[in-house]
């Protein structure tokens, strides 16, 4: 039996209470104000690091990255300098929406990171991690919703690069308007049990203007939040006759940091990392890519490159996927920047996206890297301990820990070997040490709101994690929760004496988990025979 007919998640990428409370108090977002006052709200802790890729995968699985294998937008594979951009294929466990489908529920996912290629038969609209030319599934959906032809994954590249705030705001408003109109048609015309919609514009504008948004009451970027608030109002009106559970959440929060700790520069200064030679700046590479994309557009060639790819290109001197694909398919004249870390002499290197005050460092060891120069466990631990001790002595480093102290699960081998947190700086892998310019980047504290007939009114939620959303949704649908989920059911959000508050939480081992355990046992047996 279902205790709720519909569950809706409206996600505001990077939304943080420090800004939303300001908007609510000033009554610039009346619909958010209504659901906060009449629902349950609180801080939602993100993953470490609090980055879109791993955070949304943890939302989808209810598990920490050690159990799903996605630690960043891209992770090194085979070699420390060989980055692989994650997709749904890299999620090494089941998602809650797959379980919903197994129990006969209909899903619609709009812009959920790492949801393509689709793992379900329901409707999936592509996210910023998609590289496919096909941006909606099933393909036939275009006949019902022709607006899909105008669907975009990210703002126009030249506007993002130039960071002209008014132009960027206008472009984001247009992009999110198209996204919402598509979503609203699906919302009102299609049969569904679970509906997910992510607005990414809240993240993009905060990267550019978070400090100004907090301190300038009339900043142009506030328009994005006000427009989205109108969309939330439309959803609420459409739900009036339904038995529903509405969640509004973010994958992480935001903060302004005093400067940047360039971790690879530090590793080089401490002789853990060696460079071959100084290359042309990676920013030049970004502009080359952008220039050739504009040429392609003039020729009538449409190319979808998510904005985060350009950001990776800026931080990392060579983005394999972008360069190889553009060069091979379109024969673009893009000069390949020199790869300037010497892996034969490098003991440690960071590839983690520099978008928060958390980061990670990989040890150049074998395994997992085929050309890793550290071969023994003893040498690995010696190098790791030495780096951790040196980092811990820095006054702006809050802590530096071993990966097994932060993550747990079967996929620790692909995790950064050292995880670190700064008290006041962004930790960035890019080169240019030191940097003291103010940075608007991610924070671990996101937002959570639960609203609807099932939830308490005016209550404050404590100690919630992004891992808790998946088991809570399964509990609402009365679907067994996999035992290996790390999140907990947020029973404290439900009305006292309600069915959802009273009924027992049903945990069980899934078929997926049984098959995974069986495969591991078979692998162990084969090793023993060898």
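What follows is calculated from the coordinates using simple rules that are stated; it is not laboratory data. Everything numeric here is computed off the predicted structure, so don't read it as measured data. Note that we place each Cβ from the backbone using ideal geometry, even for glycine, and neighbour counts take in every protein chain shown.
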Points 7 angstrom from Cα along the Cβ direction at residue 398 and residue 132: gap in nanometres? 3.8 nm
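Taking R0 as 41 Å, what FRET efficiency do you get between residue 274 and residue 158 from their Cβ-Cβ distance, rounded to the nearest 0.05?
Given R0 = 41 Å and the Cβ-Cβ separation, E is 0.70.
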Label residue 506 and residue 525 with points 7 Å out from Cα along Cα→Cβ: what is the distance between them in nm? 3.2 nm
First measure r as the distance between the Cβ atoms of residue 216 and residue 424, then evaluate 1/(1 + (r/R0)^6) with R0 = 30 Å and state the FRET efficiency to the nearest 0.05. 0.85
Apply 1/(1 + (r/R0)^6) to the Cβ-Cβ distance of residue 492 and residue 345, taking R0 = 60 Å, and write down the FRET efficiency to the nearest 0.05. 0.65
Output row, site residue 174, 7 Å Cα→C-beta label point, backbone N cut-off 16 Å, window segment 198-242, residues 201, 224
Which parts of segment 35-72 would a label at residue 243 reach, counting a residue when its backbone N lies under 11 Å from a point 7 Å out along Cα-to-Cβ? none
In segment 71-142 the DSSP beta bridges are antiparallel at a rate, in percent to nearest 5, of 60 percent
